[in-house]
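Below is one structure, written out as structure tokens; comments come after it.
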Amino acid sequence: MILKIFFFITGLFLISANFIGTQINLEKHPITKDVIFHKNSINYLRENEWRNDLRKYQNIRTRDLSEINKIFASSIYHFWENDGFDRFQIYSVYENWIIFSLSYFEYFLFKNNIISKIYFSKLERLTWEKIMEKGIGYCSQISIALHGFLKSRNIDSKLLAFDGHVVVLVNNNIVMDADKNVIIRDFNINNIPPQIIQSHYKKAGYNNTESFQMEKIYRTKAQLLDIKDYYPKLFLFTFLMNILKWLIPILLISYSIRFKNKNEI
């Protein structure tokens, strides 16, 4: 009887957490609390203004891409904790209670010197709305978010991954670098004049050193990828975890009810 009740309550709690997660937004990382300007001196959209701003772009035209790029650039602060455990960065219990639990269990093992590295608390998100809600990330996160949004609007786009930077390529000829708030039109991946790259980043407000560094990055080997190809293991892992987060509580509740019926007199 006690085991039956435990399974039922646990399953009910977990499935309730899942349903709550479909209705609430993630809390923005507290590091964004005092951010006013960032990147190339654009305003940081501290709340979820991006929802209203993006709602008007149902049928996207080429002329809309600059403003869309700026909305994404304004909404995600360039930050990611790679050196330690950050409880504000990890998946929330409502987002995925399995990954949430794994993150804390892994951190417990790490603190007690049982393992030497942590992985689950550093997992990037792959759902563009959740990336925007959390409001932090490096170039890969913001490009995944932008790519996901554009795909949801049936815009031909790919992740364009260089050695050290990730941007989005639209219609094979427009680069959207939301991490730097830069857009480059008439882009040819097979012929990238260095002066073109530098001029676009300088025009966006970056100094000579920063612009030259971006030009060097654009000269590295690039790959055109979808999200599932950019992070194949993470894509598969999160896909399975999102199935299990619903399947496990359903099985717990089903087993507790079946267990009850089996033992009724």
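Some points to look at:
- Listed by chain and number, the aspartates and glutamates whose C-alpha is less than 12 Å from the C-alpha of Lys56, apart from same-chain residues fewer than 8 away, are Asp64, Glu67.
- Plainly put, the stretch 129-265 has a radius of gyration that is 1.25 times its Kirkwood radius, both from alpha-carbon atoms, as the Rg/Rh ratio.
- Looking at the stretch 186-265, the GluC sites (Glu not before Pro) that sit in a DSSP loop and have at most 15 other Cβ atoms within 10 Å of their own Cβ are Glu264.
- Solvent-free Debye calculation, one equal scatterer per alpha-carbon of the stretch 64-162: log10 I(q)/I(0) at 0.11, 0.12, 0.18, 0.25 Å⁻¹ equals -0.39, -0.45, -0.86, -1.29.
- Å³ per residue enclosed by the Cα convex hull of the stretch 1-155: 138
- Along the chain, longest interval not containing exposed trypsin sites (Lys or Arg not before Pro), exposed being DSSP loop plus at most 16 other Cβ atoms within 10 Å: 222-265
- When the Cα convex hull of the chain is projected onto planes of every orientation, the mean area is 17.5 nm².
- Normalised contact order of the chain, rounded percent, pairs of Cα under 8 Å and 6 or more residues apart: 24
- Loop-located GluC sites (Glu not before Pro) across the stretch 1-74 with a Cβ neighbour count of 15 or fewer within 10 Å are Glu27, Glu47, with loop assigned by DSSP.
- Once the chain from Asn113 to Trp246 is taken as fully extended at 0.36 nm per residue, the excess over their C-alpha distance is 44.6 nm.
- Think of each Lys and Arg Cβ as +1 and each Asp and Glu Cβ as -1; about the Cα centre, that makes the dipole of the chain roughly 400 debye.
- Using θ = phi - 60° in the Karplus curve 6.51 cos²θ - 1.76 cosθ + 1.60, the 3J(HN,Hα) couplings for the stretch 35-51 round to 7, 10, 10, 7, 6, 8, 6, 8, 5, 8, 7, 5, 8, 9, 4, 4, 4 Hz; x is entered for Gly and Pro.
- Computed [θ] at 222 nm, deg cm²/dmol, the chain (DSSP H ≥ 4; -39,500 (n - 2.57); rounded to nearest 500): -15500 deg cm²/dmol
- Base-10 log of normalised Debye intensity for the stretch 47-107 (one unit scatterer per alpha-carbon) at q = 0.17 Å⁻¹: -0.76
- Dipole magnitude of the stretch 126-265 about its Cα centre (Cβ charges: Lys, Arg +1; Asp, Glu -1), debye to nearest 20: 400
- Of the complete DSSP H runs in the chain, those spanning 18 angstrom or more by Cα along the long axis with a mean Kyte-Doolittle score not below -1.0 are 2-21, 97-111, 139-152, 232-263.
- The stretch 1-73 has equivalent-ellipsoid semi-axes of 41, 18, 7 Å, by the square roots of 5 times the alpha carbon gyration tensor eigenvalues, sorted largest first.
- Förster radius 45 Å - calculated FRET efficiency between Phe235 and Phe37, Cβ distance, rounded to 0.05: 0.85
- Spin-label model, Arg51/Tyr138: points 7 Å from Cα along the beta carbon direction are separated by 3.0 nm.
The numbers here are math on the coordinates, done by the rules we state, and not lab data. Computed from a predicted model, the values in this text were never measured in an experiment. As a convention, Cβ positions derive from the backbone with ideal geometry for all residues, glycine included, and neighbour counts pool all protein chains shown.
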